[in-house]
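Presented below is the structure to which this report refers.
The values are calculated or read from the model by the stated rules, or taken from the named source; none is laboratory data. Every value quoted in this text rests on a predicted model; they were computed, and no experiment measured them. All Cβ positions, glycine included, derive from the backbone under ideal geometry; neighbour counts span all protein chains shown. Accessible surface is based on the protein model in full, side chains and every heavy atom, while ligands, DNA and RNA are left aside. Shrake-Rupley method; radii C 1.70, N 1.55, O 1.52, S 1.80 Å.
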Amino acid sequence: MFEAKPLSIKSYLSATEIQKHLENVDYIIMAAPSMMAPPELPLHFTLFLNTQESIPEEIRPKLLEKFCNDHGITETSHVLSNLERIAFAQTSQETPMPRHLLDDAEASQIPWRLMHIIDFLGDSKGFKEAKDGLSGWSYSYN
């Protein structure tokens, strides 16, 4: 039986490294199992948009709808759409892991960048790895 081990964070990108790393990135998708008990939706998604500007309120639902259509996500709930502090962790994975920093004390010690995120619970016939208990992220480049 396969046992997933938590990712170990080796370091974080500096502010300059974050800027260079995000060149040509349109967005980053992260999928993970939901931490909420049923009957809540089983998957937790975060869409990290490579912008430091807030997306207008009237555009936000359309972005979520397009993302869901493009990725076969059939239901959503608990949607958060805001500018948030995002750090980038170096792990054993090839690309840095985006990390939403909620704690002010932690954010004062780790370099981060404001990004507009859309964070929500969802369901899909895809994302098998996340349904099996793994988390992952994928970069989309322009």
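Checked against (1) surrounded by 10 or more Cβ atoms within 10 Å (Cβ to Cβ); (2) modelled with pLDDT under 95, residue 62 passes all but a single condition, namely (2). Against the list (1) free of Cβ contacts under 8 Å to residues at least 24 places away in the same chain; (2) in contact with a Pro (Cβ under 7 Å, 6 or more places away or on another chain); (3) not polar (S, T, N, Q), the condition residue 23 fails is (2).
The set of residues from region 22-63 being among the hydrophobic types (A, V, I, L, M, F, W, C) and not in a strand (DSSP E or B) comprises 22, 35, 36, 37, 41, 55, 59, 63. When the residues of region 27-47 are narrowed to those that are hydrophobic (A, V, I, L, M, F, W, C) and farther than 21 Å from residue 86 by Cβ, which ends up surrounded by the most Cβ atoms within 10 Å (Cβ to Cβ)? Going through the qualifying residues, I end up with 41.
So, residue 74, is that one touching a helix residue (DSSP H, G or I) at 6+ places or on another chain (Cβ under 8 Å), hydroxyl-bearing (Ser, Thr, Tyr) and open to solvent by 30 Å² or more (accessible area, probe 1.4 Å) or not?
Against the criterion (touching a helix residue (DSSP H, G or I) at 6+ places or on another chain (Cβ under 8 Å), hydroxyl-bearing (Ser, Thr, Tyr) and open to solvent by 30 Å² or more (accessible area, probe 1.4 Å)), residue 74 qualifies.
Let's see how each residue does on (1) in a helix (DSSP H, G or I); (2) within 28 Å of residue 38 (Cβ to Cβ):
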position: 65; (1), (2): yes, yes
position: 69; (1), (2): yes, yes
position: 76; (1), (2): no, yes
position: 79; (1), (2): no, yes
position: 85; (1), (2): no, no
position: 89; (1), (2): no, no
position: 93; (1), (2): no, no
position: 99; (1), (2): no, yes
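Out of 84, 58, report the one residue that is touching a strand residue (DSSP E or B) at 6+ places or on another chain (Cβ under 7 Å) and at negative phi. Checking each option against the conditions leaves just 84.
Among the candidates 31, 37, which residue alone is aliphatic (A, V, I, L, M) and at pLDDT 95 or above?
31
Only one of 84, 57 is without any contact (Cβ under 8 Å) to a residue 60 or more places away in the chain and open to solvent by 60 Å² or more (accessible area, probe 1.4 Å). Can you tell me which? The unique qualifying residue is 57. One residue alone among 89, 32 is in contact with a helix residue (DSSP H, G or I) (Cβ under 9 Å, 6 or more places away or on another chain) and in contact (Cβ under 8 Å) with a residue 40 or more places away in the chain, and that residue is 32.
Note on region 87-107: residues that are under 16 Å from the mean Cα position of the chain (by Cα), of a type outside the set (Val, Ile, Thr) and surrounded by 12 or more Cβ atoms within 10 Å (Cβ to Cβ) total 10. For region 114-142, which positions are crowded, with 18+ Cβ neighbours inside 10 Å and either β-branched (Val, Ile, Thr) or over 23 Å from residue 34 (Cα atoms) (or both)? Matches in region 114-142: 117, 118.
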